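The values are calculated or read from the model by the stated rules, or taken from the named source; none is laboratory data. The model shown is predicted, which means the values in this text are computed figures rather than measured ones. Glycine gets a Cβ as well: all are built from the backbone with ideal geometry, and neighbour counts include every protein chain shown. The area values use the complete protein model at the heavy-atom level, side chains included, leaving out ligands, DNA and RNA. Shrake-Rupley method; radii C 1.70, N 1.55, O 1.52, S 1.80 Å.
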Amino acid sequence: MALFGGIEAGGTKFVCAVGTGPDDIRAEIRIPTETPDITMGQAIAFFQEQRTQRDIAAIGVASFGPVDPDPGSPTFGYITNTPKPGWPHTPVVPLLKEAFDMPIGFDTDVNVAALGERRWGAAQEVDTFVYLTIGTGIGGGGMVNGNLLHGLLHPEMGHMFVPHNRERDPFPGVCPFHADCWEGLANGPALEARWGQPGETLPPHHEAWALEAHYLALGVANIMMVLSPQLVVMGGGVMEREHIFPLVRQEVKTLLNDYIQSPTTTDALDKYIVPPALGGRAGVLGAIALAQRAWQIDHDRL
Ligand code: ZN
């Protein structure tokens, strides 16, 4: 049986794995994200070494962004204008293609995590849903009618604009492009800068969490209005403080004001706004699922 490679290419670490799914990972490494030369080199060396022992049919990449996910574009598979030093215009897919003669799947980290949750996690029963990560940044991906969300480029849900009441919250926001967009007000660094300590150490009853839940709920309610998702999966470092989930659900309920009439959103928000079932594994497992899709597409074409 063919095996697949997955790369979760994150801003702080790369996770590379070989296997077929959550119960079948044959090898895995974690590499700190340094320069593209060093880190891509280590990732490629890992798969080259693996190939001496096993048959790998395709590789999938879940990349931090922004990226070019359009297979018809000359810069398909590039990381584009990221603020991360050294990484703008990194040709991730071309580097892999140069090293491996096999299909390479490529998408945003959040779309790929969504795919992982659809295949093996919280979203197995739905076709239209979003996967949000609330951490160093805020990102959103997902599926509409079973297709990963693409378009002009890819969604940038973290940079939507949400109401900012400067009397309640004079904090200016941390987004280098927009200051007080959703990410600028509610990502991990905003939480830390506003309250003078990282989210990991803020106690559950600190007033920080009510405000954080308010901002997160504003974004979630907007996404619900635009995409009508059947499920909202929320992961990332900030959401690891699980006491925030009931606060976000309550704020969403208040904002919706019973306008969206579905049994899930009126009575069962605890089943509607959920953590990823794959936890922090959604990215790398999703990358393996993406590799399987890339292989299947290639196979159907032949
Ligand atoms: Zn922004």
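Tabulated data
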item	result
Gap separating the Cα centres of region 202-267 and region 112-185, nearest whole Å	13 Å
Region 1-141: antiparallel DSSP beta bridges as a percent of all, rounded to 5	65 percent
Probe 1.4 Å, accessible area per residue of region 122-275, Å²	48 Å²
Local electrostatic count, Gln230, Cβ distance below 12 Å [Lys/Arg +1, Asp/Glu -1]	0
Computed over region 1-118: relative contact order in percent, which uses C-alpha pairs under 8 Å that are six or more apart	25 percent
Lys/Arg +1, Asp/Glu -1 at C-beta; the chain dipole; positive extreme among Trp87, Gln42, His154	Gln42
DSSP beta bridge pairing in the chain, given as percent antiparallel to the nearest 5	60 percent
Fraction of accessible area attributable to carbon and sulfur, region 122-275 (%, probe 1.4 Å)	53 percent
Filtered GluC sites (Glu not before Pro), region 88-193: DSSP coil and at most 13 other beta carbons within 10 Å	Glu125, Glu167
In region 69-167, the trypsin sites (Lys or Arg not before Pro) that fall in loop regions by DSSP, at most 10 other Cβ within 10 Å	Arg166
Simple Cβ-charge dipole of region 35-123, Lys/Arg +1 and Asp/Glu -1, about Cα centre, in debye nearest 20	160 debye
Ellipsoid semi-axes in whole angstrom, largest first, where each is sqrt(5λ) of the Cα gyration tensor of region 26-154	24, 19, 15
Cβ-placed point charges (K, R +1; D, E -1), dipole of region 93-243 about Cα centre in debye, nearest 20	180 debye
Mean residue ellipticity (222 nm) of the chain, computed from DSSP H runs ≥ 4 via -39,500 (n - 2.57), nearest 500	-11500 deg cm²/dmol
Around Phe100: net Lys/Arg minus Asp/Glu count, Cβ-Cβ under 15 Å	-2
Angle between the chain longest axis and helix 244-256 axis [Cα atoms, degrees, rounded to 10]	60 degrees
Residue (of Ala213, His243, Ile288) at the positive-pole extreme of the chain, dipole from beta-carbon charges	Ile288
Cα-centre dipole for the chain with unit charges at Cβ (Lys and Arg positive, Asp and Glu negative), debye to 20	140 debye
For region 122-275, share of DSSP beta bridges that run antiparallel, in % to the nearest 5	60 percent
Cross-link partners of Lys271 among lysines (Cα-Cα below 27 Å; sequence separation of 8 or more within a chain)	Lys253
Cβ-based net charge around Ser63, under 11 Å, with every Lys or Arg adding one and every Asp or Glu removing one	-4
Unit charges at the beta carbon, dipole of region 122-275: most positive-side option, Thr254, Val226, Met143	Val226
If the convex hull is drawn through the Cα atoms of region 122-275, its volume per residue in Å³	108 Å³
Whether the chain is rounded, prolate or oblate, judged on the alpha carbon gyration tensor where a/c under 1.5 counts as rounded	prolate
